[in-house]
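Read the figures in this text as sums done on the coordinates, not as results from a lab. Computed from a predicted structure; not experimentally measured. Note that each Cβ is placed from the backbone with ideal geometry, even for glycine, and that neighbours are counted across all protein chains shown.
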Amino acid sequence: MLDVDEAPEAPGLYAWYVSFRASPHDWKMQPSPQGDQAIDGFLRLLRRYAGYYEPLPISLRGRGSYGAAWEGDLELDTPLRQTDEEADASPAEEDKRLAILMDSLDSQDRRRVLATILEMAAPVFSSPLYIGVAENLRERLRTHRRDFTRAYDWLRDHPEDAAEVRAKGKTFGARAAARNMTMRQLEAWVIDLGDQEDDAVTLKHLRHTAQSAEWLLHRLYAPILGRQ
């Protein structure tokens, strides 16, 4: 997001991804009387990253017999979510679904390898956060950066609004800021369609075709920060 000014001034499609960031300080051993403190720190880093992809709750409503009304929110049970009950849990007390993962965190070399894999996974293996279409890619991505900056500045002074912005933010930038992402983590990959324009395929044709592709890609990849 820091480099959107380098995007082409051309029509096309774009997708935002959030990359994993870890430094040697995160995966190197941190000896203490209680053991290697880097294990818990690296696990918190993984939890935060997994939280970027956590879907919003689904609101359900229904009617039962005799007019009984049923209503509530359904939340996805993600293996890396830390609930209040787990806040003070040791790794040995974690859900069994984390057993293999915890084995990968028990040495600094294994943490280094895991960090390398996750850093390389976006965007090759990861699902996009957002897919969009633009007549001018550079201007559109600049708009996302502006929206992110405005929301980030607002939430810094109004942290109590984070949940509402995360669920109802009107722009991608606002919704990304509400999930505590950083500009340095956000990467936009573009498909530049500028060289596809000719006498047979006008700018209007390109725009309509790109919009059709956007519609299809939304349904194929279901970007988590797209409009629901």
> Measuring from centroid to centroid over Cα atoms, what is the spacing of the stretch 106-142 and the stretch 188-228 in Å?
Replying inline: 20 Å
>> Under the rule of at least 5 residues apart or a separate chain, name every residue whose amide H is placed under 5 Å from the amide H of Gln37.
In response: Gln30, Ser32
> How many angstrom lie between the C-alpha centres of the stretch 57-76 and the stretch 10-45?
Replying inline: 38 Å
>> What are the ³J(HN,Hα) couplings of the stretch 214-220, residue after residue, when phi is run through the Karplus curve with 6.51, -1.76, 1.60 and θ = phi - 60°? Round to Hz, x for glycine and proline.
In response: 4, 4, 5, 5, 4, 7, 7
> Ranked highest first by average number of other Cβ atoms within 10 Å, how do 157-169, 134-146 line up?
Replying inline: 134-146, 157-169
>> Working only with C-alpha atoms, what are the Rg and Dmax values of the stretch 129-228, expressed in angstrom?
In response: 15.6, 54
> Which of these values of Rg and Dmax of the Cα atoms in Å was calculated from the structure shown: [x] 23.0, 84; [y] 21.6, 77; [z] 21.1, 73?
Replying inline: [z]
> Residue by residue, what Karplus-based ³J(HN,Hα) values in Hz, rounded to whole numbers, does the stretch 119-124 have, using 6.51, -1.76 and 1.60 with θ = phi - 60° and x for Gly and Pro?
Replying inline: 5, 7, 5, 8, x, 4
> What is the stretch 14-80 by shape, rounded, prolate or oblate, if you read a ≥ b ≥ c off the alpha carbon gyration tensor as root eigenvalues and call it rounded for a/c under 1.5, prolate for a/b larger than b/c, and oblate otherwise?
Replying inline: oblate
